[in-house]
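K.L.:
Sharing a structure, written as structure tokens. Questions coming.
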Amino acid sequence: MQKRTVALSLTLTVSALLTAAIPAQASSAGSSGFYATKTPYAPQQNMRSYQRAPKGFVPVFTENVSRHGSRAASDSEDGDLILALWEKARSEGQLTRTGERFGGETKALLAAMDGIGYGQLSGRGVREIQDTAARLEKRLPGLFRQIVRDSEQINVVSSGKDRAVDSGNLFAEALAENEPALAPRITPATTDPDLLYFHKSAGGAEYRDYVDNDERLAATLDGITDQPASHAAARNVLGKIFEPAFVRRVSAGEFDSIGTEVEFAQAVYALYSIAPAMADEGDWDMKRYIAPRDARWFAYLSDAEDFYEKGPGFDDSDITYRMANVLLDDFFTKIDAKRAGTSDAGAELRFTHAEEIIPLAALMGLPGSTEAVSPRKPYTYADNPWRGASVASMATNIQWDLFRKGNKYLVRMLYNEKQTAFRKGCEPVAKGSYFYDVDELKQCLGRGAS
């Protein structure tokens, strides 16, 4: 984890506030397995339970944005870090019986990730994408028959990064495999980093400066990480692998040239959290090295970083999600073109990353992404619903379906395949409905009606 220069007084204030709420935070992470944004994908609604469109309305267009599927870790940094400490302890006979197994299992996991390529889709990730495509087709059979009948296009666009490109290709291939008549309708895939990798594009320059240089952000995150609960959880984790005397040496700073006790424990957590994504590549039991309570705590630390760097963040700033407007604009642009008759697309399929999904969820006010925090009252599990596991698991997707009746158009949104109301202030066509007039959506989401 990158070391930050902080404003000490703010750090101490943040730490004191958080320490007071430790018990509540530690018990409220939910039942995700505490993998944060590494949580494998699962659809959130049974396909038989969707609300019917109002009478006479039929689907004429669908569009989505999806995170890539489950993948290997981005690199071997975490494994290398904890293995360096493990090798030192082994040479001194300072491993527990459980710890003796840790080195071999970690090396095998790293080898499996290296085998498929760091950052690349795992077998589980491939299935997540393929299965999501199959369910999309089953949900909207009339739309896909229309696409074939009217020779409409299915457009696939990605960020250009391998795992997003691969996810888009797999999704399109799955559509064609389930219905071969769709194959000629799928246009050659394209890439658009300004749209789907905006945090690294020109439009994200101000955001990158915030992440790299904002002192308040740095102080807040350091205050959240460097508190008694983090150190206690770290010692618990390390105590499963190393003998008590060795853990005390780590805590005393003897190995600070390699890493701190919290950094070593976070490395163990990182391996624990990526292991489910690699289930097809091996039989990993990383749970033995971290107790549920400690996994919850390190999930919280991971979530806190994502909350402040990508999500709702501070309540006096929109720097973390303002740049997602380019993606929300594109959703409306495609709908407007369909309404105007200037587009022959029946589906627009986009593939991206958590760095784009999380800001978009905050911008749209999706469930769990509505509450920013005051600089004086930091994000905690106790009083904020934001969780990386639900906001941006692997293969998370946001889908808008466009329905038409004459010259009237309605939109239904699915979030991880669950019918989802638009944010407060957006009025559906009827109380309790999940269908919204397009112009109503444009107004309530700040785009102005046509």
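Okay, residues lined up against (1) within 30 Å of LEU109 (Cβ to Cβ); (2) over 21 Å from the mean Cα position of the chain (by Cα); (3) not polar (S, T, N, Q):
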| site | (1), (2), (3) |
| --- | --- |
| ALA291 | yes, yes, yes |
| LEU301 | yes, no, yes |
| PHE314 | no, no, yes |
| SER343 | no, yes, no |
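K.L.:
Here is a follow-up. Just wondering, is there one or more residues in segment 42-50 that are modelled with pLDDT under 95 and touching a helix residue (DSSP H, G or I) at 6+ places or on another chain (Cβ under 8 Å)?
P.N.:
Among the residues of segment 42-50, at least one is modelled with pLDDT under 95 and touching a helix residue (DSSP H, G or I) at 6+ places or on another chain (Cβ under 8 Å), which makes the answer yes.
K.L.:
Output yes when any residue across segment 282-304 is open to solvent by 30 Å² or more (accessible area, probe 1.4 Å), in a helix (DSSP H, G or I), without any contact (Cβ under 8 Å) to a residue 40 or more places away in the chain and in contact with a helix residue (DSSP H, G or I) (Cβ under 9 Å, 6 or more places away or on another chain), and no when none is.
P.N.:
yes
K.L.:
Can you pull out every residue in segment 215-265 that is outside any helix (DSSP H, G or I) and either in contact with a Pro (Cβ under 6 Å, 6 or more places away or on another chain) or open to solvent by 10 Å² or more (accessible area, probe 1.4 Å) (or both)?
P.N.:
Correct list: ASP226, GLU243, ALA252, GLY253, GLU254, PHE255, ASP256, SER257, ILE258, THR260.
K.L.:
Also, I was wondering about something else. Got a sec? Which of ALA362, ALA382 is part of a loop (DSSP other than H, G, I, E, B), small (Gly, Ala, Ser) and open to solvent by 10 Å² or more (accessible area, probe 1.4 Å)?
P.N.:
Working: ALA362 fails: part of a loop (DSSP other than H, G, I, E, B).
When all the criteria are applied, what remains is ALA382.
K.L.:
All but one of (1) in a strand (DSSP E or B); (2) over 26 Å from the mean Cα position of the chain (by Cα) hold for SER433, so report the exception by its number.
P.N.:
(1)
K.L.:
Can you find a residue in segment 175-182 that is surrounded by fewer than 23 Cβ atoms within 10 Å (Cβ to Cβ) and touching a Ser or Thr at 6+ places or on another chain (Cβ under 8 Å)?
P.N.:
no
K.L.:
Can I ask one more? Quick one: in segment 319-333, of everything that is more than 19 Å from the chain's Cα centre (by Cα) and in contact (Cβ under 8 Å) with a residue 40 or more places away in the chain, which residue is most open to solvent (accessible area, probe 1.4 Å)? Explain how you work it out, then say what you get.
P.N.:
Step one: of segment 319-333, the residues more than 19 Å from the chain's Cα centre (by Cα) are 329-333.
Retained after the next criterion (residues that are in contact (Cβ under 8 Å) with a residue 40 or more places away in the chain): 329-332.
Numbers: ASP329: 68, ASP330: 23, PHE331: 4, PHE332: 6 Å².
Going through the qualifying residues, I end up with ASP329.
K.L.:
Let me ask something additional. What about GLY368, is it part of a loop (DSSP other than H, G, I, E, B), farther than 18 Å from ARG139 by Cα and modelled with pLDDT under 95?
P.N.:
For GLY368, the condition - part of a loop (DSSP other than H, G, I, E, B), farther than 18 Å from ARG139 by Cα and modelled with pLDDT under 95 - is not met.
K.L.:
Within segment 125-140, does at least one residue satisfy the condition of being without any contact (Cβ under 8 Å) to a residue 12 or more places away in the chain, more than 23 Å from the chain's Cα centre (by Cα), within 20 Å of THR62 (Cβ to Cβ) and open to solvent by 20 Å² or more (accessible area, probe 1.4 Å)?
P.N.:
no
K.L.:
Now, a different point. For segment 20-38, state whether one or more residues are assigned to a loop (DSSP other than H, G, I, E, B), under 19 Å from the mean Cα position of the chain (by Cα) and modelled with pLDDT of 95 or more.
P.N.:
Yes, that holds for at least one residue.
The values are calculated or read from the model by the stated rules, or taken from the named source; none is laboratory data. Note that the structure is predicted; figures quoted are calculated from it, not measured. Backbone-built Cβ (ideal geometry, glycine too); neighbour counts: all protein chains shown. Heads up: the accessible areas ignore ligands, DNA and RNA and are worked out on the full protein's heavy atoms, side chains in. Shrake-Rupley method; radii C 1.70, N 1.55, O 1.52, S 1.80 Å.
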